């Protein structure tokens, strides 16, 4: 019986998705868990896996942009035709297929150039080849008409890395119709340096999954100790004056979200100065003591995130959501970390932030930021924040008014560290001051409780050894 393949909804805010590339090809026999397509949204790109079995038949073209729930393909049984499709031609009258050029070895010939000399390859294949350093002109395309697809690039990399079979190393067990895992799995294995021949698959029929590759790769190497926070690198060339920037994709999603936030909430912002002289001294000490250990010295923003996470259980109205039936106080503390990316802003979520030690928290925030800038975040990593921290300190900003993200009641802005003065009697003392900007939903939080939260965070930052030891 024909099964519909519908465009999935990746996240609560997704309004449309683009089929970046069909990984499965018309007529392929797919099984549950096989990757069918690469789907692009306003926030992330993700691989969509089959939820059933059958002969794959897409009904929309690569590059199509559709709303969630739209029909994009069928999974068919045997010679079954898609519902509503024209009947198959009578026997003996089928059109002659266009022959593929075949080499003596049986492999498809290298991809043919399109008219004008452009190599016949999918956009995603070109992107993957650029990332992995693969020369597309050396590959043999297996797509329609000899077109090179991303699977061909991944297969080439894996073939170059997997050693030839020997007596004590047999060939890897074929799965997925002769491949070693899905194209995504092979690509991930190639980039991680994992020999798929030594990986035991945990999927159905011994199929190798991404989790198997991650387990085989082991933990990532410890990050080197960075220098103290520095101004951001010079950004790439921006928009050209006189052009029109469409409010679509990520930019459109941000516009809709921020406009709805200001329309639906009664937002107010408070500023508070925190003395961080002791915190800076501690970071200098850690930089010396941790030199050569592989441990990453937490940034000032890491300390602020840790302090906010520790303070939120004491101030639950700032770790809440306003809904139709009232103010829901969350039991978990999931802190969103705002990360600037080309064309917009992403807010990956650090889950159970109040239960993480300082070193773990700093490592996780860095990994999320790197993944956000590389476009590797999943939809799950962008959902569920109960509070948000955002920083403009590296841009020289002291105070600003961040906009509360829908679904939360507070967002904490972090400014730059600057010189301040503290008077001890008649004697001025130089200090290091950090301005915190707290925006909150006045429907749930009044000014006094918000100020108490800022005072708690400031007090924790004044005792950074406690944040490091917790």
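The values are calculated or read from the model by the stated rules, or taken from the named source; none is laboratory data. What you see is a predicted model, and the numbers here were worked out from it, not measured in a lab. Cβ sites come from the backbone with ideal geometry, for glycine too, and all protein chains shown count toward neighbours.
Taking the stated definitions as given, is residue 266 under 30 Å from residue 444 (Cα atoms) and either crowded, with 20+ Cβ neighbours inside 10 Å or under 22 Å from the mean Cα position of the chain (by Cα) (or both)?
Working: under 30 Å from residue 444 (Cα atoms): yes; either crowded, with 20+ Cβ neighbours inside 10 Å or under 22 Å from the mean Cα position of the chain (by Cα) (or both): no.
In short, no.
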Every residue in region 398-428 that is in contact with a strand residue (DSSP E or B) (Cβ under 7 Å, 6 or more places away or on another chain), assigned to a strand (DSSP E or B) and surrounded by 10 or more Cβ atoms within 10 Å (Cβ to Cβ), please. 410, 411, 412, 413, 414, 415, 417, 418, 420, 422, 428
Single residue of region 431-450 satisfying the filter (in contact with a strand residue (DSSP E or B) (Cβ under 6 Å, 6 or more places away or on another chain) and surrounded by fewer than 17 Cβ atoms within 10 Å (Cβ to Cβ)) that is nearest to residue 267 (Cα to Cα): 442
Considering every residue within region 324-338, establish whether at least one is touching a residue at least 60 places away in the same chain (Cβ under 8 Å), in a strand (DSSP E or B), in the same structural domain as residue 368 (by TED's automatic domain parsing) and touching a helix residue (DSSP H, G or I) at 6+ places or on another chain (Cβ under 9 Å). yes
Across (1) touching a residue at least 40 places away in the same chain (Cβ under 8 Å); (2) closer than 19 Å to residue 340 by Cβ; (3) in a strand (DSSP E or B), residue 438 clears everything bar (2)
